[in-house]
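Please treat every number below as a calculation from the coordinates, not as lab data. Not measured: the values here are computed from a predicted model. A quick note on method: Cβ atoms are made from the backbone with ideal geometry, for glycine too, and the neighbour counts reach across all protein chains shown.
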Ligand SMILES: Nc1ncnc2c1ncn2[C@@H]1O[C@H](COP(=O)(O)OP(=O)(O)O)[C@@H](O)[C@H]1O
Ligand SMILES: [Mg+2]
């Protein structure tokens with residue numbers, strides 16, 4: 001009678017729950033637990049199923065006493081791993097309750113945070129090492145020579161700029177993430193955004209000696225957007241086109257309105273930045289928007305790259321409920337297309 005009541009009760013719990021007797025035999029398991037361990041867990045000795053050292057040691061500590069404890073258990077199904085926190089609590093009479101909660105997401109976020117901190121530290125350390133080295137050299141006899149001093153100071157300035165660039169990209173990223181859930185609603189003209197971006201990039205465009213194609217109809221609808229962030233998106237994309245695709249001699253900027261696109265509730269603007277440079281091997285494309293990911297690290301660094309540009313682009317587009325579509329093949333250049341929902345009467349507060 002008691003057992004049935006327990007079974008009914010734990011069957012309603014979403015997390016895996018096992019009821020054990022004092023010898024470690026499983027008396028009850030709810031469906032979430034049999035999903036995880038298989039139906040044969042019923043009646044089995046728990047020690048035979050939870051054999052990972054951390055959990056096994058925890059079971060020994062709790063089974064012969066009154067203590068309560070937790071341990072982490074990693075379940076593997078196929079190629080997928082899930083991480084569970086196993087909590088053991090005593091219940092009267094003579095019963096041990098094991099409950100499991102899935103902490104895979106927390107673990108993954110934690111690992112991502114650790115990676116991020118390691119990456120930032122690494123990126124800052126190399127220019128700092130260079131700076132410290134040059135300061136040391138300038139303090140010695142080499143510092144007496146005006147030409148050497150000028151040469152070293154130029155390198156030091158470059159390294160300091162690299163650090164400034166990194167810090168400012170990191171700040172952008174964290175600012176964008178802070179507001180990512182708040183969709184912007186001010187109508188913004190994409191033509192104005194692109195023209196402002198091109199004006200700011202004028203020196204780089206001239207230095208790259210490329211032919212610039214610009215095809216943005218004046219009749220395009222506005223988009224509900226954040227003007228400064230949109231400038232940042234196209235600044236990063238056009239700058240990349242110049243840096244990595246400039247050798248192709250041509251950059252094409254086009255924008256068009258598409259009334260219907262799968263995955264979007266209403267019309268969108270498709271704004272594409274296309275270059276004719278070396279292009280990107282498709283195997284790298286899915287990783288381009290990862291923080292600090294660069295196909296050619298040395299080349300990106302030499303041109304002052306941080307590997308954060310496309311990560312910022314992705315977050316800003318996601319805030320705008322948009323999407324980034326990257327198409328490229330080696331030798332055929334690359335196109336980076338921002339898809340952005342356009343203003344419609346249904347977007348609150350916006351006149352059509
Ligand atoms: N138009 C492009 N053509 C070829 N490769 C590109 C292009 N745009 C971006 N990439 C690759 O994607 C990487 C990541 O870009 P990004 O996030 O802007 O970082 P960064 O420019 O600071 O290196 C670049 O290092 C480069 O390898
Ligand atoms: Mg970039």
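In percent, rounded to a whole number, the relative contact order of the chain is 12, using alpha-carbon pairs under 8 Å and six or more apart. Estimated from the Cβ-Cβ distance and a Förster radius of 30 angstrom, the FRET efficiency linking residue 261 and residue 212 is about 0.65. With both labels modelled 7 Å from their Cα along Cα-to-Cβ, the residue 200 to residue 329 distance reads 3.4 nm.
Based on the Kirkwood radius over alpha-carbon pairs, what is the Stokes-Einstein translational diffusion coefficient of segment 41-106 at 25 °C with 0.890 mPa s viscosity, in µm²/s? Answer, rounded: 194 µm²/s. Sorted on the mean count of surrounding Cβ atoms within 10 Å across their residues, most packed first, peptides 53-59, 148-154 read 53-59, 148-154. Radius of gyration over Kirkwood radius for segment 104-178, both on Cα atoms: the Rg/Rh ratio is 1.20.
Within the chain, all pairs of alpha-carbon atoms sorted by distance into 20 Å bins from zero give the percentages 23, 35, 29, 12, 0. Extension gain for residue 299 to residue 178 (0.36 nm times residue separation, less C-alpha to C-alpha distance): 40.5 nm. Once the chain from residue 101 to residue 145 is taken as fully extended at 0.36 nm per residue, the excess over their C-alpha distance is 9.2 nm.
When the square roots of the Cα gyration tensor eigenvalues are ordered a ≥ b ≥ c, the ratio a/c for segment 294-338 is 1.5 or more and a/b does not exceed b/c, which makes its shape oblate.
Cα convex hull, segment 162-309: 132 Å³ per residue, rounded to a whole number.
Placing R0 at 25 angstrom, the Cβ-Cβ distance between residue 66 and residue 45 gives a FRET efficiency of 0.75 after rounding to 0.05. Rounded, prolate or oblate, given the Cα gyration tensor of segment 184-231, with a/c below 1.5 counting as rounded? The shape class here is oblate. Distance from the C-alpha centroid of segment 245-318 to that of segment 84-127: 33 Å, rounded to the whole angstrom. The Cα atoms of segment 11-83 define a convex hull whose projected area, averaged across directions, is 5.0 nm². Between the beta carbons of residue 25 and residue 114, assuming R0 = 45 Å, the FRET efficiency works out to 0.70 to the nearest 0.05. Mean sequence separation of contacting Cα pairs (under 8 Å, at least six apart), scaled by the length of segment 104-178, corresponds to a relative contact order of 31 percent. Each peptide in 211-217, 273-279 gets a packing score, the mean of other Cβ atoms within 10 Å over its residues, and the list from highest to lowest is 273-279, 211-217.
The C-alpha atoms of the chain define a longest principal axis, and helix 190-200 lies at about 60 degrees to it.
Cβ crowding within 10 Å ranks 258, 97 as 258, 97, fewest other Cβ atoms first. Of all beta bridges that DSSP places with both ends in the chain, some 90 percent have antiparallel geometry. Any chance you could give the angle, 0 to 90 degrees and rounded to 10, that helix 53-63 forms with the longest Cα principal axis of the chain? Result, in degrees: 40.
Over all projection directions, the Cα-based convex hull of segment 94-141 averages an area of 5.8 nm².
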